[in-house]
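So the structure is just underneath, and the comments pick up after that.
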Amino acid sequence: MKRSYNYTGRKRLNNKDFTISRFEVGSAYEFMLSFHTHENYNFPNDSSVKVEAYVNSNTERFSLGTWGSPDTEKRIPITLFDTSEEVKFRLKIVDESKPEKPLIAWKDSISPISYDGSGNRRKGILPVRAMDLGHRLWKLEWNDLSPRLLVNSRVSETKDINAIVRADPDFAGLVFPAVLEEILIILAKNEALAEDDDSWAKFSKQFAPCAPPVHDPDSDESDREIEEWAETTIQNFCSHFDIVQNYKLFKSNTP
């Protein structure tokens with residue numbers, strides 16, 4: 001039987017009050033929940049703490065004790081997904097003492113703090129995965145409203161692809177502006193840039209001249225306004241990192 005919860009009256013958890021860390025262990029993942037404070041909430045101590053690891057509609061669920069005594073600071077294996085998939089998380093606080101199992105609080109689409117197999121923290125808001133894309137160099141993959149950049153594994157070994165994405169001026173100049181513009185347009189049209197603690201919201205605020213226009217899905221003019229907003233934001237991004245000049249310098253030094 002599929003688990004369901006009553007979402008009426010739920011409270012949204014703040015990202016600043018907890019952390020979910022994700023660790024690569026060979027080809028598998030482990031995760032760990034940490035709470036930084038309980039002071040901002042007044043939940044019953046016997047409320048259940050639930051974590052869901054998910055990719056698209058596939059979900060693995062974990063019960064991590066109670067609000068008063070949560071199972072935190074413990075690395076827990078994920079068995080449903082491996083490191084070829086970009087796993088995200090949900091955190092739920094549930095009152096299971098009542099038949100309807102009301103959901104007291106929750107947070108969806110949690111991007112974890114990620115660590116590689118050597119224990120080094122992975123940086124950046126856009127995960128990268130090498131895979132065979134046929135004759136394409138790159139494409140975007142979406143998990144809910146979370147993007148991931150796929151780069152053709154025929155280009156090089158995975159470790160080299162990660163280095164190319166991070167530092168290659170060709171890639172930065174020819175690929176990143178298009179990738180970032182597509183991401184901002186999709187997120188803006190889905191009104192997914194409103195939360196201050198969201199990584200993509202922080203990115204857009206750093207380079208955008210203003211907040212994205214409110215989207216009207218029935219208006220072509222609304223689409224154009226968002227596209228113009230994204231264009232201006234990416235122009236500012238490229239100017240900030242001097243993309244054109246760095247690309248010209250790179251090409252002038254290329255044999």
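The values are calculated or read from the model by the stated rules, or taken from the named source; none is laboratory data. All figures in this text were calculated on a predicted structure; none of them were measured in a lab. Here Cβ is always computed from backbone atoms with ideal geometry, including for glycine, and neighbour counts include all displayed protein chains. Ligands, DNA and RNA are excluded from the accessible area calculation, which covers all protein heavy atoms including side chains. Shrake-Rupley method; radii C 1.70, N 1.55, O 1.52, S 1.80 Å.
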- Query: Looking only at region 106-128, which residues are part of a strand (DSSP E or B) and open to solvent by 60 Å² or more (accessible area, probe 1.4 Å)?
  - Reply: ARG121
- Within region 206-223, is there a residue that is in contact (Cβ under 8 Å) with a residue 60 or more places away in the chain and in a helix (DSSP H, G or I)? no
- (1) touching a Phe, Trp or Tyr at 6+ places or on another chain (Cβ under 8 Å); (2) at pLDDT below 95: which one isn't true of PHE31, the others all being true? (2)
- Do we have any residue at all in region 231-249 that's in contact with a His (Cβ under 7 Å, 6 or more places away or on another chain) and of a type in the set (Ser, Thr, Tyr)? no
- Message: Just to check your reading of the model, which residue among ALA178, ALA194, ALA208, ALA188 is modelled with pLDDT of 90 or more and open to solvent by 40 Å² or more (accessible area, probe 1.4 Å)?
- Response: ALA178
- Query: Would a scan of region 224-238 turn up a residue that is in contact with a strand residue (DSSP E or B) (Cβ under 6 Å, 6 or more places away or on another chain) and either of a type in the set (A, V, I, L, M) or buried (at least 18 other Cβ atoms within 10 Å of the Cβ) (or both)?
  - Reply: no
- Residues located in region 190-202, provided they are in a helix (DSSP H, G or I) and out of contact with any helix residue (DSSP H, G or I) (no Cβ under 6 Å at 6 or more places or on another chain): SER199, ALA201, LYS202
- Task: Read through the list (1) closer than 27 Å to LYS88 by Cα; (2) at pLDDT 85 or above; (3) out of contact with any strand residue (DSSP E or B) (no Cβ under 8 Å at 6 or more places or on another chain), then give the number of the only condition that ILE183 fails.
- Result: (3)
- Query: Could you say whether any residue in region 164-173 is of a type in the set (Asp, Glu), surrounded by 13 or more Cβ atoms within 10 Å (Cβ to Cβ) and at pLDDT 90 or above?
  - Reply: no
- Residue count for region 32-54, restricted to those that are over 23 Å from LYS101 (Cβ atoms) and either without any contact (Cβ under 8 Å) to a residue 24 or more places away in the chain or buried (at least 17 other Cβ atoms within 10 Å of the Cβ) (or both): 4
- When you scan region 1-101 for strands (runs of 3 or more DSSP E) that lie fully inside it, which ones turn up with 3 or more residues that are more than 22 Å from the chain's Cα centre (by Cα)? 58-66
- Only residues in region 83-112 that are farther than 30 Å from VAL25 by Cβ count as the first member; pair them with residues that are among the hydroxyl-bearing types (Ser, Thr, Tyr) and exposed (fewer than 15 other Cβ atoms within 10 Å of the Cβ), Cβ under 8 angstrom, at least 6 apart or cross-chain, and list the lot. LYS101/SER4; PRO102/THR8; LEU103/TYR7
